[in-house]
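The values are calculated or read from the model by the stated rules, or taken from the named source; none is laboratory data. Computed from a predicted model, the values in this text were never measured in an experiment. Ideal geometry is used to build each Cβ from the backbone, glycine not excepted, and the neighbour counts take in all protein chains shown. The protein model used for the area step is the full one, side chains on, heavy atoms only, and it has no ligands, DNA or RNA in it. Shrake-Rupley method; radii C 1.70, N 1.55, O 1.52, S 1.80 Å.
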Amino acid sequence: LNFYKKKVGVLNKKNKALLSKVLCVGVLSLGVISTANAALVSTLGGLAVYDTDRDISWLADANAGAGSSFDNGSNTTDGRMTWDNANAWATSLNVGGVMGWRLPTAFNADGTGPCSGFNCTGSEMGHLFHVEGITAAAPGVFSNVQPNVYWSGTEFSPNPSFAWGFSFGGGFQDAGGKGNDLFAWAVHSGDVGASAVSEPGTIVLMGLGLVGLLGLGRRQRRR
């Protein structure tokens, strides 16, 4: 009897070791899948695009404010807004049940800057243009990217009546008066679709493997 108990104990240890290996492989597989994705990933049912480099989500529609109550340009259906209206529009958004949107920052990822002129790759819009290659002429996964200046949410510190903007036509970053009518593009920190996104195929396979191992363990304990 002790001999059989020892044998079952050894088998149980082997099952536990195998189970640990399966879990490790599953976790590593999920990591490989996530890192294999491109830097810009459609999320929130296509309503947003997640930038894995900067860990922020952009509205997929780069001129979603057109025709809204905040659109106060010379043509109230073109999406141009003052800086105050652009900020109010972004914070009022509820996209797919997700709130907490904002205008992009003009500061670099490390908090320095803002940079002025061309090749300002450190700001959120600068990164999207210069690094990811998103322009009005080549919008990629986005729609309605305008060949003009977009407001950032960053004030121009030497003159509080000015704020920073970025051109998706020319690729430069500069400051202008807050009363100007410019375009607005909302962003959100993190992946707004993370709670709804999973790797179903991998998770199902892992689940089936675990069920099989548990069934094997039960049969061996009954012997």
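For the criterion of being under 23 Å from the mean Cα position of the chain (by Cα) and modelled with pLDDT of 95 or more, F142 passes. Given the condition closer than 18 Å to W185 by Cα and either open to solvent by less than 60 Å² (accessible area, probe 1.4 Å) or modelled with pLDDT of 95 or more (or both), answer yes or no: does some residue in the range 14-28 qualify? Taking every residue of the range 14-28 in turn, none turns out to be closer than 18 Å to W185 by Cα and either open to solvent by less than 60 Å² (accessible area, probe 1.4 Å) or modelled with pLDDT of 95 or more (or both). Scanning the range 40-69 for residues that are modelled with pLDDT of 95 or more, surrounded by fewer than 20 Cβ atoms within 10 Å (Cβ to Cβ) and among the hydroxyl-bearing types (S, T, Y) yields a count of 2. I'd like to know if the range 111-124 contains one or more residues that are part of a helix (DSSP H, G or I) and either open to solvent by less than 60 Å² (accessible area, probe 1.4 Å) or modelled with pLDDT under 95 (or both). Checked the range 111-124: at least one residue is part of a helix (DSSP H, G or I) and either open to solvent by less than 60 Å² (accessible area, probe 1.4 Å) or modelled with pLDDT under 95 (or both). Within the range 78-103, the set of residues being hydrophobic (A, V, I, L, M, F, W, C) and part of a strand (DSSP E or B) comprises M81, V95, V98. With a requirement of 2 or more residues that are among the hydroxyl-bearing types (S, T, Y) and open to solvent by less than 40 Å² (accessible area, probe 1.4 Å), the strands (runs of 3 or more DSSP E) lying completely within the range 134-196 that satisfy it span 149-155.
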